1. State which residue pairs qualify: first residue acidic (Asp, Glu) and inside segment 28-51, second residue part of a helix (DSSP H, G or I) in any location, beta carbons under 6 Å apart, and separation of 6 or more residues or different chains.
2. With a cut-off of at least 1 residues that are open to solvent by less than 40 Å² (accessible area, probe 1.4 Å), of a type in the set (Asp, Glu) and more than 21 Å from Glu129 (Cα to Cα), name the helices (runs of 4 or more DSSP H) lying wholly within segment 1-117.
3. Go through the residues of segment 122-129 one by one and say whether even a single one is of a type in the set (A, V, I, L, M), modelled with pLDDT of 95 or more and crowded, with 17+ Cβ neighbours inside 10 Å.
4. Quick check on segment 130-144. Is at least one of its residues assigned to a loop (DSSP other than H, G, I, E, B), without any contact (Cβ under 8 Å) to a residue 40 or more places away in the chain and among the hydroxyl-bearing types (Ser, Thr, Tyr)?
5. Could you figure out which of (1) open to solvent by less than 80 Å² (accessible area, probe 1.4 Å); (2) within 28 Å of His36 (Cα to Cα); (3) assigned to a helix (DSSP H, G or I) isn't true of Leu152?
6. Any idea which residue in segment 33-70 is nearest to Tyr22 (Cα to Cα), counting only those that are among the charged types (D, E, K, R) and within 15 Å of the chain's Cα centre (by Cα)?
7. With the condition kept exactly as written, say whether any residue in segment 32-39 is aliphatic (A, V, I, L, M) and under 18 Å from Asp110 (Cα atoms).
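The values are calculated or read from the model by the stated rules, or taken from the named source; none is laboratory data. As the structure is a computational prediction, the values presented were derived from the model and not from experiment. Counting neighbours? That spans all protein chains shown, and the Cβs are built from the backbone with ideal geometry, glycine included. All accessible areas refer to the heavy atoms of the entire protein, side chains included, with ligands and DNA or RNA removed. Shrake-Rupley method; radii C 1.70, N 1.55, O 1.52, S 1.80 Å.
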Amino acid sequence: MWGQVLQRDPWNREAHHELLTYMFPSWHGTGGEMFHWAQERCAHAPRGLSIHVLPLVALAEMHRQRMEVEGHRYGLTVHPWTDNPSTGQAWDNWWAYRAPSRPHAAFHDDANYLAHALSFANRHREAGEVFDAIGPYATDVPWSYCGAAQTLFTRHRAWAVKASAP
């Protein structure tokens, strides 16, 4: 089936997200396999495509799984987004080259992953631009993986606005 996707629409966002979900360790894959595949697809994807958030989706899923399995031993203070190169790569290869006047159907889903990653990486100034494009459209995932989704979205949005102020 994947061969058909590559033949018909090699950068189809939904197909990539479905395959990544299939590779989640809670489904049929492993963490390493999931990350490797996401990073490999990004390495070949043209700039401007939201495919570049796939590693952030994988990172959020691994965080969610570790919180589920390890609970308080893992802790909310551990944020795998700090110093993770995938955040900068998504910014550089998707956000900086996207067509802002023509957002795709799942734009808010992808932009929330990027805003979340930038926020938890303490890159609030850049996150401000993403929050501005998102508007009030917070998605439950990935925010809920780190606590109360709406509370976290609102808090990080406020920090981003403050960091972006002249």
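1. Glu33/Met23
2. On the way: elements: 2-8, 13-23, 31-44, 54-70, 85-93.
Correct list: 54-70.
3. Among the residues of segment 122-129, at least one is of a type in the set (A, V, I, L, M), modelled with pLDDT of 95 or more and crowded, with 17+ Cβ neighbours inside 10 Å, which makes the answer yes.
4. Looking only at segment 130-144, we keep the residues that are assigned to a loop (DSSP other than H, G, I, E, B), and these are 135-139.
Still in the running and without any contact (Cβ under 8 Å) to a residue 40 or more places away in the chain: 135-139.
Restricting the remaining residues to those that are among the hydroxyl-bearing types (Ser, Thr, Tyr) gives 137, 139.
Yes, segment 130-144 contains at least one residue that is assigned to a loop (DSSP other than H, G, I, E, B), without any contact (Cβ under 8 Å) to a residue 40 or more places away in the chain and among the hydroxyl-bearing types (Ser, Thr, Tyr).
5. Only one criterion in (1) open to solvent by less than 80 Å² (accessible area, probe 1.4 Å); (2) within 28 Å of His36 (Cα to Cα); (3) assigned to a helix (DSSP H, G or I) is unmet by Leu152, namely (2).
6. Initial filter on segment 33-70 (among the charged types (D, E, K, R)): 33, 40-41, 47, 61, 64, 66, 68, 70.
With within 15 Å of the chain's Cα centre (by Cα) added as a condition, the list becomes 41, 61, 64.
On the way: Arg41: 15, Glu61: 12, Arg64: 16 Å.
Here the answer is Glu61.
7. Of segment 32-39, the ones aliphatic (A, V, I, L, M) are 34, 38.
After this cut, where a residue has to be under 18 Å from Asp110 (Cα atoms) as well, the list is 34, 38.
Taking every residue of segment 32-39 in turn, at least one turns out to be aliphatic (A, V, I, L, M) and under 18 Å from Asp110 (Cα atoms).
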